[in-house]
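These notes are about the structure you will find just below.
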Amino acid sequence: MIDPVTRKPSSALLEPDEPAPVEVVNIDGEGTAVLVCDHASNRIPQRLGSLGLDAPQLAEHIAWDPGAAEVARRLAAELDAPLVLSGYSRLVIDCNRPLSHPGSIAEESAGVAIPGNRGLSPEERGLRVETLFRPYHNAIARLLDRRVGRPTLLLSVHSFTPVLNGRARPWHVGVSHGRDPRLAALLLEALGSTGDLRVGENQPYPIEEAIDYTIPHHGEGRGLPSAMIEIRQDGIRSAADAADWAARLAAAYRRIEGAARRLCGLSGGE
Ligand SMILES: [Zn+2]
């Protein structure tokens, strides 16, 4: 579609002055890790208003992963890793859900009804897919294409709420895997070996193909060693705490990097 005034391609969902659906940081990073942050932002496109929610609801976990982008940016700098961040809230479309999953465009999340997601037409759904979901995943795919033949370990960075449904979650950090547990096993050991952290394997969530999209599609789909890192949100409320966590994760990663490279099965990578 062409905007009749500016003659530039226009989007029916985003205003011309709104942020892009995806941000790629340090695209030429030479480290072995590639980082992705599916739930980096709680931004809603202006044309969708607030989806019928109030500001406190949009600040909460249902809209994004508080603190995750901050940790991911600092970790990217520590590891000289490329990082891909989604630009809009998971409530508009969740970039880590298969499009067939009811949580892709959730009508309800954690008991909160999302009025702006109810009764959408196929065209409205398609617009969100094409404007937000596809550009994010295309950016990850292009980045991974550029790195074919180089050791590449895919890590997604998330955060989780300290309490869910009245239940405290005891882990400071969780590392999850799908079909390929190898990278997660190395990270779990490295994080657990410091002795001061409660580390959850496949906690608070495992990776499941029916529910998760990013690691199954880009990691397992390409045969790349991959894992999901989930940090408890009360540990990363301030920028200083996020920096501490990034440094801790970077130190754990460096300890296992040699072994992780070997998982890539490339010769001459050492
Ligand atoms: Zn998340």
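A compact table of results
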quantity: Simple Cβ-charge dipole of the chain, Lys/Arg +1 and Asp/Glu -1, about Cα centre, in debye nearest 20; calculated: 380 debye
quantity: Label-to-label distance, nm, for residues given as Ala259 and Ala77 (7 Å Cα→Cβ offset); calculated: 3.0 nm
quantity: Label-to-label distance, nm, for residues given as Tyr205 and Ile27 (7 Å Cα→Cβ offset); calculated: 2.9 nm
quantity: Distance-filtered residues of segment 46-67 - backbone nitrogen under 19 Å, label point 7 angstrom along Arg167 Cα→Cβ; calculated: 61-62
quantity: Size of charge dipole - segment 1-154 - debye, nearest 20, with Cβ of Lys, Arg +1 and Asp, Glu -1, no other charges; calculated: 380 debye
quantity: Net dipole in debye of segment 143-268 [+1 Lys, Arg Cβ; -1 Asp, Glu Cβ; about Cα centre; nearest 20]; calculated: 340 debye
quantity: Per residue, in Å², the accessible surface of the chain once ligands and nucleic acids are set aside, probe 1.4 Å; calculated: 46 Å²
quantity: Compactness of segment 87-154 - radius of gyration and Dmax, Cα, Å; calculated: 14.7, 46
quantity: Translational diffusion coefficient (Stokes-Einstein; Kirkwood radius from C-alpha pairs) of segment 1-106 at 4 °C, 1.567 mPa s, in µm²/s; calculated: 85 µm²/s
quantity: Calculated FRET value between Arg125 and Arg47, using beta carbons and R₀ = 25 Å, to 0.05; calculated: 0.95
quantity: Kirkwood Rh (inverse of mean 1/r, distinct Cα pairs), the chain, angstrom; calculated: 19.1 Å
quantity: Principal-axis tilt of helix 182-192 within the chain, Cα atoms, nearest 10 degrees; calculated: 70 degrees
quantity: Gain in span if fully extended, Thr194 to Arg142, counting 0.36 nm per residue against the direct Cα distance; calculated: 15.1 nm
quantity: Cα long-axis angle, helix 239-263 against the chain (0 to 90 degrees, to the nearest 10); calculated: 60 degrees
quantity: Total formal charge among the other residues, if their Cβ is under 12 angstrom from that of Asp234, Lys/Arg +1 and Asp/Glu -1; calculated: +2
quantity: Most mobile of Arg73, Arg248, Arg146 in a GNM of the chain (Cα contacts under 10 Å); calculated: Arg146
quantity: DSSP-defined beta bridges in the chain - what % are antiparallel, rounded to 5; calculated: 45 percent
quantity: The chain - percent of accessible surface contributed by carbon and sulfur, probe 1.4 Å; calculated: 51 percent
quantity: Cβ-based net charge around Val112, under 14 Å, with every Lys or Arg adding one and every Asp or Glu removing one; calculated: -2
quantity: The chain, relative contact order in percent, only Cα pairs under 8 angstrom and at least six apart counted; calculated: 23 percent
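The values are calculated or read from the model by the stated rules, or taken from the named source; none is laboratory data. Here the structure is a predicted model, which is why all the values come from computation and not from measurement. So basically every Cβ, Gly included, is an ideal-geometry build from the backbone, and we count neighbours across all protein chains shown. Surface areas here come from the heavy atoms of the whole protein model, side chains and all, with no ligands, DNA or RNA. Shrake-Rupley method; radii C 1.70, N 1.55, O 1.52, S 1.80 Å.
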